[in-house]
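The values are calculated or read from the model by the stated rules, or taken from the named source; none is laboratory data. The structure presented is a predicted model; accordingly, all values stated were derived computationally and were not measured. Positions of Cβ are generated from backbone atoms using ideal geometry, with glycine treated the same way; all protein chains shown enter the neighbour counts.
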Amino acid sequence: MDDTYQVYVNRVARMTLPESYRSQVQHIQSSPKFQQYPDGNAKPVPFPGYSVITPPWVDDAKNEDFYRWLQSHQQQLLQEVEPGVIVPVPADSFHLTLADLIWDSAYHHAQENPAFETKLREQITHSFKQSEPLVQGENQVLWQALGLIVMTRAIGICLVPNDEGSYQRVLQMRRSIYQNSNLMALGIEQQYHLTAHITLGYFGTGSIQSDRDRLSQTLNNLNQQHLEAGAQKLWVHRAELRKFDDMTRYHREADWPVLEF
């Protein structure tokens, strides 16, 4: 289901062009994952599930410089857009989702099986072990920030692989998960092509009344500044099974499965 390397690079590159921003901002919607209040504060709404992700910034000292740059990018974005347009996620939760697993209503349904979470951990461990010889190598798995990406309910920084090897090693891990029939039996299936990104925030209620032409121009200006500053790179050195209760915190127990790249 995932793209070939060149198709992926071409597809996500188009998503960071000015014409893409002009089109995408016309379709943005307020995210139901946050409740906003008249005083400007926002509270995350329960949205439980599991994903395979890179360690969040709070647990990833190896990517300190990258995440500090990303945090400054997030702050600049918030300063440039109208109040209430974007609800930022906590910077210490920044991460790259390597494989979506299960969430929201599907997660609640799966929990009717009391053995679900134990079986999930067992099968992710199995998939990680299966893919281990395919994803490990002498070279680092590096993905570089390409630019801002606008989704229907969120905004983030899009990533492209530094080389084809970095792309293929992530794909091998994804295949070991999504082709695992025992995971499919738990209700886990691939629903999206990989579009590697790190979410900076979700669109708030202010996005509904926002000046969308101005917003698209703001995003394009920020993107040009990013391009002039040079490529920032994320070292994808580890994949972890993480549980989330909402879109602000991703946690794990010490014995949960991990995969070293």
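For the condition surrounded by fewer than 17 Cβ atoms within 10 Å (Cβ to Cβ), part of a helix (DSSP H, G or I) and without any contact (Cβ under 8 Å) to a residue 24 or more places away in the chain, T125 does not qualify. On the stretch given as region 142-180, residues that are of a type outside the set (A, V, I, L, M, F, W, C), closer than 16 Å to K233 by Cα and more than 13 Å from the chain's Cα centre (by Cα) total 9.
Can you confirm whether E82 is more than 20 Å from D2 (Cβ to Cβ), of a type outside the set (V, I, T) and modelled with pLDDT under 95?
Details: more than 20 Å from D2 (Cβ to Cβ): yes; of a type outside the set (V, I, T): yes; modelled with pLDDT under 95: yes.
Yes; evaluated as a whole, the condition is true for this residue.
If I filter region 44-78 down to residues being of a type in the set (A, V, I, L, M) and touching a residue at least 24 places away in the same chain (Cβ under 8 Å), which single residue comes out as farthest from P88 (Cα to Cα)?
Residue satisfying both the conditions and the ranking: V52.
The number of residues in region 26-67 being modelled with pLDDT under 95 and closer than 28 Å to Q123 by Cβ comes to 0. Restricting region 198-219 to residues that are surrounded by fewer than 19 Cβ atoms within 10 Å (Cβ to Cβ) and not small (G, A, S) leaves a set whose member that is nearest to F34 (Cα to Cα) is T205.
Any residue in region 155-177 that is among the small types (G, A, S), at pLDDT below 95 and not in a helix (DSSP H, G or I)? I'd like the intermediate steps shown before the answer.
Filtering region 155-177 down to residues among the small types (G, A, S) leaves 156, 165-166, 176.
Retained after the next criterion (residues that are at pLDDT below 95): none.
No; the residues of region 155-177 include none that is among the small types (G, A, S), at pLDDT below 95 and not in a helix (DSSP H, G or I).
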